[in-house]
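See structure below.
The values are calculated or read from the model by the stated rules, or taken from the named source; none is laboratory data. It should be emphasised that the depicted structure is a prediction, and the values quoted were computed from it without experimental measurement. Glycine gets a Cβ as well: all are built from the backbone with ideal geometry, and neighbour counts include every protein chain shown.
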Amino acid sequence: MVGGGDGAFIGAVHRMAARLDGGYRLVAGAFSSDAERSRASGDAFGIDATRAYASWQAMLSAERARGDGIEAVAIVTPNHLHARIARDCLDAGLHVLCDKPLATTLDDAHALAQAARAAGCLFGVTYTYSGYPLVRHARDLVATGALGEIRSVQVRYAQDWLSEPLETAGNKQAAWRCDPALAGAGGCIADIGTHAYHLARFVTGLVPNALLADLASLVPGRRLDDNAHVLLRFENGARGMLWASQTAIGNANNLELAVYGSRGGLNWRQETPDELWFTPLGDSTRVIRRGDASMSEAAAAATRIPAGHPEGYLEAFANLYGDFAGAIRVHRTHGRCAVQVGAFPTIEDGLEGMRFVHTALASSHAGGVWLPLHGGMPE
């Protein structure tokens with residue numbers, strides 16, 4: 001692991017998710033840019049003192065020389081370090097699981113994607129919400145035609161934790177997320193807007209071909225956006241709206257997706273993740289619950305415990321780790337070509353997220369104009 005030292009929220013989530021199904025052992029890390037803090041974190045995590053490193057460069061060099069060196073790396077640092085660390089890990093022949101966004105610029109994301117394609121290593125991106133069982137069931141409903149032709153996609157991700165200028169009050173998480181040197185040019189749009197965008201694409205299978213964005217910093221003095229309204233046009237003619245805000249008082253982590261087609265509609269909320277509402281045209285709304293016998297094979301495979309026992313964020317995160325572990329096992333024996341595409345969010349999903357951020361920023365800076373958002377990957 002790089003980053004995620006003792007006390008870091010997302011680092012702890014990664015460690016719990018990796019351990020949940022027994023697929024990983026955390027054996028080394030550069031947990032902080034401060035050597036003493038990295039050593040102390042390693043001690044807290046039960047890491048051999050010689051494998052709690054002062055930098056990721058030192059970790060890669062030392063682990064390469066070991067017969068039992070690391071096989072994969074989780075990157076859980078602030079955004080500005082993602083691409084550089086990931087590139088070094090790929091150069092060392094390691095599989096990479098990286099937090100989003102991939103980088104702070106689209107050019108850096110393109111360069112990293114090219115490096116990942118050439119390296120022969122696996123590269124996953126932690127778009128966590130694709131790990132929920134009922135999100136996977138929703139995807140299967142769309143894919144099997146239960147909703148008919150998709151006409152409208154509505155997704156919102158509302159939080160309220162940045163309703164005050166916490167970045168000036170000593171809050172470390174707020175400070176780096178509101179600093180363009182550490183977070184990149186996108187604030188809320190990159191931090192949570194990319195999650196909403198990936199969720200819409202993951203469930204519908206559609207790629208927008210154009211967007212119009214209005215990004216704003218609603219808290220006075222904030223340097224990056226904390227509210228985003230985005231209109232989307234999809235390749236099949238469907239229309240969409242995406243709202244992401246970190247200043248919506250009364251919302252803790254309110255991610256919601258609604259998809260409407262010619263034959264039905266569905267709705268899912270992250271804060272009540274064990275329920276999916278599905279309404280066939282002309283019929284009553286059905287509440288599909290995690291664990292129901294009617295769940296798809298993919299949803300059932302992502303479920304651990306019987307219905308009525310709540311599963312949530314950690315389990316969804318662990319499903320991504322589990323998918324990635326399975327892919328590594330296949331890769332060991334058969335090579336990357338044998339790994340099922342789409343089993344976990346890949347470098348291509350991460351690049352598409354960066355393309356979304358880049359285009360939304362450009363649209364908003366131009367006064368809110370329609371701009372093309374090409375879904376195809378560069379040759």
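Scanning the range 117-155 for residues that are outside any loop (DSSP other than H, G, I, E, B), more than 17 Å from Asp274 (Cβ to Cβ) and in contact with a helix residue (DSSP H, G or I) (Cβ under 8 Å, 6 or more places away or on another chain) yields a total of 9.
Going by what's in this entry, would Arg151 be described as modelled with pLDDT of 95 or more, under 27 Å from Glu297 (Cα atoms) and more than 20 Å from the chain's Cα centre (by Cα)? For Arg151, the condition - modelled with pLDDT of 95 or more, under 27 Å from Glu297 (Cα atoms) and more than 20 Å from the chain's Cα centre (by Cα) - is met. Of the residues contained in the range 2-12, one or more are found to be free of Cβ contacts under 8 Å to residues at least 24 places away in the same chain, in a loop (DSSP other than H, G, I, E, B) and under 28 Å from Ala174 (Cβ atoms).
Within the range 190-197, is there a residue that is surrounded by fewer than 24 Cβ atoms within 10 Å (Cβ to Cβ) and of a type in the set (Ser, Thr, Tyr)? Scanning the range 190-197, I find no residue that is surrounded by fewer than 24 Cβ atoms within 10 Å (Cβ to Cβ) and of a type in the set (Ser, Thr, Tyr), so the answer is no. For the range 266-275, the criterion of being in contact with a Lys or Arg (Cβ under 7 Å, 6 or more places away or on another chain), among the acidic types (Asp, Glu) and in the same structural domain as Gly205 (by TED's automatic domain parsing) is satisfied by at least one residue.
Given the condition within 30 Å of Val76 (Cα to Cα), assigned to a helix (DSSP H, G or I) and charged (D, E, K, R), answer yes or no: does some residue in the range 304-316 qualify? Yes, some residue in the range 304-316 is within 30 Å of Val76 (Cα to Cα), assigned to a helix (DSSP H, G or I) and charged (D, E, K, R).
Against the numbered list (1) within 23 Å of Val155 (Cβ to Cβ); (2) touching a helix residue (DSSP H, G or I) at 6+ places or on another chain (Cβ under 8 Å); (3) not in a helix (DSSP H, G or I), Asn209 comes up short only at (2). Mind listing whichever residues of the range 292-303 are among the hydrophobic types (A, V, I, L, M, F, W, C) and in a loop (DSSP other than H, G, I, E, B)? Within the range 292-303, Ala293, Met295, Ala302 meet the criteria.
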